[in-house]
1. Of the cross-linked pairs A:LYS307/B:LYS229; B:LYS128/B:LYS169; A:LYS210/A:LYS240, which ones have a Cα-Cα span greater than 26 Å in the structure shown?
2. Region A:56-145: which GluC sites (Glu not before Pro) are DSSP loop and have at most 15 other beta-carbon atoms within 10 angstrom?
3. For peptide B:63-75, compute the average count of partner chain beta-carbon atoms within 10 Å of each residue's beta-carbon.
4. If r is the Cβ-Cβ distance from A:LYS359 to B:SER40 and R0 is 45 Å, what FRET efficiency results, to the nearest 0.05?
5. So how tilted is helix A:209-222 from the main axis of chain A? Cα-based, degrees 0 to 90, rounded to 10.
6. Taking the alpha-carbon centroid of each part, what is the distance from region B:25-54 to region B:95-118 in angstrom?
7. About the Cα centre of region A:226-439, what is the dipole size in debye to 20, counting +1 per Lys and Arg Cβ and -1 per Asp and Glu Cβ, all else neutral?
8. Rounded to the nearest 0.05, what FRET efficiency is calculated for A:LEU123 and A:ASN245 with R0 set to 30 Å and r the Cβ-Cβ distance?
Amino acid sequence: MIKEDRFLEKIADFCISKSKDLGSTSSNVLVMNTISENVNIRNKKLDGSERSENLGVTLTTYIGKKKASISSTNFSENNLIELVTRCIDSTKVTPEDEYNSLPDQELHFKGEKNLDLYDITHLSNDEKINFIKEAEEVAFSHDKIVNTNGSGFSETKSNFILANSNGFSDGYKTSQFTAYCEVVSKSNGSMERDYEYSSKRHFKDLLTPKQIGESAAKMAISKLNPKKIESNKMGIVFDKRIAQNLLSTFASAISSNTISKGTTFLKDSLNKKIFNDQINIIDKANIKKANGSRYFDSEGVRIEDLKLVKNGILKDYLVETYSGKKINRKSNGRSSGTTNLYFENGDQSFDQLINSEKKLLFIKETIGRGANIITGDYSVGASGIMIENGKFTFPVSEITIAGNFNEMFKNIILADDLEFKYSTNSPTMLVNGITVGGK
Amino acid sequence: MSSFFKNTDLDINKAEKIVSETLNKCDDGELYLEDTKSESIVLDDNKIKSSNYTKDSGYGFRAINGDVVAYSHSNEISEKSLRNSGKNLKSTLKNSEGIYNSEIKKTNQKFYNDLDPVDEKNLADKIKILNEINEYSRSISGSVKQVTANFLGERKNIEILRCGGELLKDSRPLVRINVSVMVEKNGRKETGVYGVGGRQSYDEFLKNDDWKKICDEAYRIATTNLESKASPAGEMKVVLGPGWPAILIHEAVGHGLEGDFNRKKTSVFHDLVGKKVASDGVTIIDDGTIDKRRGSLNIDDEGTPTEKTVLIENGILKNFMQDRLNARLMNTKSTGNGRRESYKHIVMPRMRNTIMLNGKNTQDEMIKSVDKGIFAVSFGGGQVDITSGKFVFSCTEAYEIINGKIGSPIKGATLIGDGPSSLKEVLMVGNDMMLDPGIGTCGKAGQGVPVGVGQPSLLIDKMTVGGTQI
């Protein structure tokens, strides 16, 4: 059973009061309990099962403008006293930093918690196995699916209390159900893999096993016997699962931390046009049952809705307390990063988008971490499918795609097929003028 | 004696009884106990941004029957918790009728000392050096606009309790020091990153002001990149420098030679043992026994002594890297590659220090032989798709080669290749083998473990370069 609030609060209170006794001027503590149960299957047969139960405490103590942190998984009183003592000792020897502080009290979250982020449903191991086995069975009903890389189902429940010495103390339970299926296709000496997965706070919101198995199989088969193409500059259509990565890169380039240090290609871009007129980017924390929803950030600060980009113009940063002070901005509740971040829909259908040029390359997978947020340079390995006159013609692999975000962002055209599948979401995206490295 | 049961109601006899009761009809399994302390001290933007200390202990209890693994872990080391885990394992492996394999090799080998890098040097001294690193790096040139430096230190004590009461122990120190420098000139910004590390004390890397070399190297890479021009795109010849570029070996063939992917037949290499997979002269080993290296281990995380495993000898595929589970199912022996990130993670076959041995060419010969290509000196990181064999890595320092001469530096580009074919395209193997500076972490199925790599300079006939210039 997941630990109840009372238990977590007791540990949090103990750490805060002990820190004060030992000389801290303020402190912040997170106490968290997570229970996770996973099953993995392979070729429709049980491969492994795992149960994990984690308890953790992270304490940050301040003495004036000095700060240090400790974390531990051992909740015995002796150990906690030893750790608080060590934290205070470390704080004393750490140099002052004028920007160190707890968040302003008036920014603390207060209010209703009605986003429905916890689903009490519990599946037995056999129920988990049956769910994901059905997905594999559906995938294996396709002739060219010859193997699996493993499929799995996990159920995770968490509870936490975040407290600080300015009187903030709050927390809540969350749940996450995840099913994935990764299959291997084979034909004429070519072997490819692909996956489908679904991850939701509520069990009932998951894709069905049939949808998961069918989608994984189709994608793995569509990659078989790929060709390499000539190097060229061309329009790239990014599948939603890849397009969301470009949005994540955008988010890391506008955090108060990178902005304050100047280590981002979007420094000095506030109120400037960085996308075309049609582009709007929203970050919204209070969507019911959504994966990215939360009530407050890791400092206890309430989370404002942000329209980060409006008609192509950058209107806001993602701000937390410490680095926010360096750029004279108040926290908008983003110390844990973005929440539900998304591009608003464009005005073209998917079909219109893929018919907009004679030749386009549809990218379904990228490999490598090729985004440099200091220079904005982008270069990754990729595979996908060629689109000719609006028709998917043949799979392509072992190519690279490269460009610079400053230019790529201005060329983004979005379809109208946004879905809330992940916490960061994008409609299908077309970007013209990207360099494809091939033969 | 075990130190894990000091503050619990559990003693080693009680623990052994639960382990034996749970595993007696299983093929394998063990109780893995871990106690880790670690620290991370970060200097950023002229300030000590964070000083974190973590103490984590717990156990992972594993039962294996046939090819099914049941695993339960907890950070509460107590009789009740362990009994619950035992019950949990038994409920997964309902009708288990295995015979416990109690055979495990013994060793007294030690490749690093039992020391505690976290506590043997006090925090104030570490902070002082980080501040010196910051000041020194900024003093190198006015173009240095940002410096980030960090110390990461860890000591991990592990004990493995097997059925019948056999107890295997290891104590592992690990440190890493990183410096990242951002330079700005005429509105252009670039970074350079360099780091060192290994299973030893911080002082081994700090003495004689050796830390200045880390800063100098980070600065050198950053300023080189300031002059860089757009990288070419397309297939061309590639010369790889010695040392860290061996992450090519790690990605291109290393992962594909891990036992699990081959037992499951999802690796492109699974039916290629005894076959030619690389050019003549290419010999690759995975070695857990090099003194004080980041990827070295006295015993792996199942208790098997590590060894020097020959993977590819003179172009011929010889062995896969094995943990106990995959070795048993493939009728072979564990090579001591069974590793896990922590007690929270299951064991998988993982690399240690993966190295290509020396050949006889010089780097100079390689460069001279190339009309148009690139010379890649350092990389950021890589990734591989085991099933299709495609792998990538991103250059952090590279130059164009024109008519046998090294030309301008080029912007960070991704290189993509095909694992099984790329080693057949090795045209020359250098005589300048170098190990990496001790900074590698390998990720697999969400688990990170410290690894090492090494290689001499290499000339590869063709790889696709992900630049923007056609």
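Values in this text are rule-based calculations from the coordinates and carry no lab data. Because the structure is a prediction, the values reported are computed rather than measured. Cβ placement follows ideal geometry from the backbone for every residue including glycine, while neighbour counts extend to all protein chains displayed.
1. Working: A:LYS307/B:LYS229 36 Å; B:LYS128/B:LYS169 35 Å; A:LYS210/A:LYS240 21 Å.
Violating the 26 Å limit, Cα to Cα: A:LYS307/B:LYS229; B:LYS128/B:LYS169.
2. A:GLU96, A:GLU98, A:GLU112
3. 5
4. Rounded to the nearest 0.05, the efficiency is 0.40.
5. 50 degrees
6. Answer, in whole Å: 21.
7. Values: 30 positive and 23 negative charges, 99 e Å.
Here the size comes out at about 480 debye.
8. Using R0 = 30 Å, I get an efficiency of 0.45.
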